[in-house]
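All remarks here apply to the structure that follows.
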Amino acid sequence: MQRFIKQEQPCIESLKRTLSICDEVGMERKKHTQAIENARNKKFYDSESEYQTYVLDSQGRDEFENYIVNAKKKIFGSNHVEHIKEQQLTKLTKHAHLEVLINQWEESFNAIYDYDVQLMDSLSSGSN
C-alpha cells in the first residue's frame with residue numbers, strides 16, 4: 001500500500017500536466033485558426049470547425065441533441081438508445097475525455113486510500 005501511495009500523487013500530477021499541454025495545444029490551434037480567419041477576412045471551416053457545427057453552436061446545440069435523443073427513443077425505444085451523458089462522453093475531445101478519466105481515477109485513488117486508512121485505524125483500535 002505504501003508503494004501505491006507513493007505513486008498515486010506523481011501519477012495524477014503527470015496526467016494533469018499532460019492535460020494542460022493538450023489544452024495549450026488546443027488554444028494555440030484556435031489562435032492560429034483565428035489568425036487565418038482574420039487574414040482572409042472570413043470564417044474558416046475544416047474538419048474541426050464545420051459549418052453545421054458552427055450553426056448549431058450559435059443556435060442551441062443542447063436543444064438539438066435533446067430533440068434527436070427523444071426522437072430516437074420514440075422510434076427505437078429507450079432501451080436501444082444511449083443516454084445523453086454517454087453520448088456526450090463519446091463526443092468529447094481526447095483531452096477533455098482524459099480530464100474526465102483523471103477525475104475518476106483521482107476519486108478512485110482517494111476512495112482506496114480512505115478505505116485503507118479506515119481499515120488500519122480499525123485494526124489498530126481493535127488490537128488495543
Seminar exercise, completed: Residue count, region 69-97, condition surrounded by 11 or more Cβ atoms within 10 Å (Cβ to Cβ) and modelled with pLDDT of 80 or more, comes to 5
Exercise. Name the pairs whose Cβ atoms lie under 6 Å apart, with the first residue in region 103-128 and farther than 13 Å from Phe4 by Cβ, the second at pLDDT 80 or above, and 6 or more positions between them or separate chains?
Worked result: Glu106/Ile12
Exercise. Filtering region 111-128 down to residues that are of a type in the set (Ser, Thr, Tyr) and at pLDDT below 80, which residue is surrounded by the fewest Cβ atoms within 10 Å (Cβ to Cβ)?
Worked result: Ser127
For this session: Enumerate the pairs (first residue in region 12-28 and over 14 Å from Lys94 (Cβ atoms); second residue anywhere and assigned to a helix (DSSP H, G or I) and β-branched (Val, Ile, Thr)) with beta-carbon separation below 9 Å, excluding pairs fewer than 6 apart on the same chain, so at least 6 apart or on different chains.
Result: Ile12/Ile102; Lys16/Ile102
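The values are calculated or read from the model by the stated rules, or taken from the named source; none is laboratory data. Everything quoted here is computed from the prediction, not taken from an experiment. We place every Cβ from the backbone using ideal geometry, glycine too, and count neighbours over all the protein chains shown.
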